[in-house]
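As structure tokens, the structure follows; a few thoughts come after it.
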Amino acid sequence: MKNGKKIAIQGYPGSFHDEVCHLHFGDTVDSIPADSFDILAQMLNDKKVNAAVMAIENSIAGTILQNYRILREYGFCIIGEKYLRIKHNLLAYPGTKMQDIREVHSHPMALNQCLKYLRKYPKIKLVETEDTALSALKVMENKSPDVASISSIKAAELYKLDILGREIETSKSNYTRFFILERTKSTEIHDADKASIYIRIPDVKGQLLKVLQVIDNHDLNMSKLQSFPVMGKIREYFFHLDIEFDTIKQYENLKSDLLSFTQEYTELGVYKRGSIEELIQE
């Protein structure tokens, strides 16, 4: 039974965002598709949904920079993160054989991540689409006898498609990190052990090194450092940092020291870090 909670996802039912949505919130929520991350952000900002799932980086494709822009512009709160091993599969209309396939449709990132497999079939045309799961849906709706899609096992089950190739991605260590977002901070997360922050420091020699030294002095792990230019300013940068800690007191002490010499300190979220151990073990 659904609980009435609506979660915005980028993509469609059967997409990896959809999978993360239900892994985090359970099967009682409704995932609400968005055609782009900007549309997803607008849905959350307009209170059309209760929360959102947003990919932030991939182990192969790297950081999704536009999504850090979205976080900063809208001031959303990160309440959690999830890592998902990306497993791509070749899906086709029931009864289709491999020799029947003339085109493979999917998101360009999915196509690129499966090139080693696809190169075994040089006569097959690769067609870029906006979403992996939507490509699978269109194969079913069009009853396409010669078109396959690259998507998830969940999409195959949802749209009742045959699986012609399982886990066809080139890299088996392909994973994506997702943020779980709310419009504003609602509750404290008592077992939090990770913080995502923006800082802006003076354009003075050694200031970034000072930040790193302060983090080292507190014996905390900085798991991400990403720079962004300050719009309209020359040689001025924001820095996004992910800081991992054991107790909230450790983070608060670090925050106090960083506040003493940063021009701006914006807390995007203090949350429970996602587990990546099971992905490493696969």
- [ ] With the condition kept exactly as written, say whether any residue in segment 81-104 is small (Gly, Ala, Ser) and within 18 Å of the chain's Cα centre (by Cα).
- [x] no
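For segment 23-57: of the residues being touching a Phe, Trp or Tyr at 6+ places or on another chain (Cβ under 6 Å) and not in a helix (DSSP H, G or I), which is farthest from Gly274 (Cα to Cα)?
Step one: filter segment 23-57 for residues touching a Phe, Trp or Tyr at 6+ places or on another chain (Cβ under 6 Å), giving 33, 41, 45, 53-56.
Filter once more, so that each one left must be not in a helix (DSSP H, G or I): 33, 53-56.
Working: Pro33: 23, Val53: 14, Met54: 14, Ala55: 13, Ile56: 13 Å.
Looking at the filtered set, the residue picked out is Pro33.
Here are Lys172, Lys205: which of them is over 21 Å from Gly11 (Cβ atoms), among the basic types (Lys, Arg) and within 23 Å of the chain's Cα centre (by Cα)?
Numbers: Lys205 fails: within 23 Å of the chain's Cα centre (by Cα).
Selected residue: Lys172, the only one of Lys172, Lys205 that is over 21 Å from Gly11 (Cβ atoms), among the basic types (Lys, Arg) and within 23 Å of the chain's Cα centre (by Cα).
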- [ ] Pull up segment 98-115, narrow it to residues that are polar (S, T, N, Q) and either in the same structural domain as Gly62 (by TED's automatic domain parsing) or surrounded by fewer than 17 Cβ atoms within 10 Å (Cβ to Cβ) (or both), then point me to the one that is modelled with the lowest pLDDT.
- [x] Asn112
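Give the number of residues within segment 235-251 that are farther than 22 Å from His190 by Cβ and either in a strand (DSSP E or B) or among the acidic types (Asp, Glu) (or both). Before you say what the answer is, go through the steps one by one.
In the first step, residues of segment 235-251 are kept if they are farther than 22 Å from His190 by Cβ; the result is 235-241.
Among the residues that remain, those that are also either in a strand (DSSP E or B) or among the acidic types (Asp, Glu) (or both) are: 236-241.
Residues meeting the conditions: 6.
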Open item on the list: Give me the residue from segment 253-282 that is under 19 Å from Asn217 (Cα atoms) and surrounded by fewer than 13 Cβ atoms within 10 Å (Cβ to Cβ) and, out of that set, modelled with the lowest pLDDT.
Closed with: Ser260
- [ ] Identify the residue in segment 31-69 that is modelled with pLDDT of 95 or more and among the β-branched types (Val, Ile, Thr) and, among all such residues, is farthest from the chain's Cα centre (by Cα).
- [x] Val49
- [ ] Restricting attention to strands (runs of 3 or more DSSP E) lying wholly within segment 116-177, give those where 2 or more residues are polar (S, T, N, Q), assigned by TED's automatic domain parsing to the domain that holds Thr63 and closer than 30 Å to Ser275 by Cα.
- [x] none
TODO: Could you please find all residues in segment 207-253 being of a type in the set (Ser, Thr, Tyr) and under 17 Å from Glu81 (Cβ atoms)?
DONE: Ser223, Tyr251
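The values are calculated or read from the model by the stated rules, or taken from the named source; none is laboratory data. Keep in mind it's a predicted model, so treat the numbers as computed, not measured. Glycine gets a Cβ as well: all are built from the backbone with ideal geometry, and neighbour counts include every protein chain shown.
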